[in-house]
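Scroll down for the structure; my scribbles are underneath it.
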Amino acid sequence: MEAKERENLIYSKGKDNPIEKEEKIMISLLPDADKKKLLDIGCGVGTISKELQKKGFDVIGIDFSDVGVKKAKKKGVKAKVCDVDKKGLPFDKNSFGVVWAGDVIEHVFDPINLFREITRVMKPKGNVLVTVPNDFNLLMRLYVLITGNTPQYLTYKNLEQCKHHTMFSWKLLKYMLKKGKLKVEKFRSIVRVPFTKIEFSTRLKIVGILFGRIFIVKAGYLR
């Protein structure tokens, strides 16, 4: 099954894109809206896009799922179908004050090209908000060492598929951002206490790198 068909199927069955802890942190890192145009890459059914509209942004969402885009439009979101791996970002240079890329970079086949496209469509003083999983935190490294399994093993065991095409470390994320002419301005990570459901966010990079489950970054142009 092609990726688009898979997403269309699960969106048809009622999948949502809920606002969770990482999205709340991303929202807290947003610049003042001031009617800024915001591009939501991978908008899905538009739940997050709609919330960003409420914050005062002029939001345009894109997604490769036509079912997701149709549902986003029903929510009142300006959305269009776009496969960024095939067509990049179908917008002019300097079109957006903010680009939102939550839970999407790990799903594309060419993240460096996407970062370059983000830089192209972003205004000179604009910002991009990014989240990616921390696939090489200390617990995962120990798990791989002890069991001999890959980081994707549990995902395949539970879902029989893994939609992440890149396994991210902090060093790889910084490298890709730099290749896209972007630099980190603010850092957050969400840490889960082992064997519990307790989570907290941290600004400390060493804590996030060692124990975080996800990286949250606000980036701007690399001068």
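Each reported figure results from applying straightforward, stated rules to the coordinates on display, with no laboratory input. Because the structure is a prediction, the values reported are computed rather than measured. Cβ placement follows ideal geometry from the backbone for every residue including glycine, while neighbour counts extend to all protein chains displayed.
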Too long at a 31 Å Cα-Cα cut-off: which of Lys35/Lys186; Lys70/Lys186; Lys4/Lys181? Lys70/Lys186
Sorted peptide list for 175-181, 4-10, criterion being average Cβ within 10 angstrom, highest first: 175-181, 4-10
Under 10 Å, Cα contacts only: if you run a Gaussian network model on the chain, which one of Leu142, Leu39, Leu52 comes out with the highest mean-square fluctuation? Leu142
Using a Gaussian network model of the chain whose springs link C-alpha atoms within less than 10 Å, name the residue from Ala101, Ala33, Ala72 with the highest mean-square fluctuation. Ala33
Connecting C-alpha atoms closer than 10 Å in a GNM of the chain, tell me which of Asp32, Asp135, Asp40 has the biggest fluctuation. Asp32
per DSSP, antiparallel bridges as share of beta bridges in the stretch 101-223, % nearest 5, sits at 90 percent
Using amide H atoms built 1.01 Å from N in the peptide plane, name the residues 5+ places from Cys43, or on other chains, whose amide H lies under 5 Å from its own. Ile62, Asp63
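Using the 2.2 N^0.38 Å rule of thumb for compact globular proteins, work out how the chain stacks up: its C-alpha Rg over that value, please.
With N residues counted in the chain, Rg over 2.2 N^0.38 Å equals 1.00.
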Report the full-extension gain for the segment Glu20 to Arg192: residue separation times 0.36 nm, less the Cα-Cα distance, to one decimal in nm. 60.5 nm
Arg141/Arg6 FRET efficiency (R0 45 Å; Cβ-Cβ; nearest 0.05): 0.90
How compact is the stretch 1-103 by the rule of thumb for globular proteins, expressed as Cα Rg over 2.2 N^0.38 Å? 1.03
Excluding residues on the same chain fewer than 8 positions from Lys178, give the aspartates and glutamates whose Cα lies under 14 Å from its Cα. Glu117
Restricting to bridges with both residues inside the chain, how much of the DSSP beta-bridge set is antiparallel, in percent to the nearest 5? 50 percent
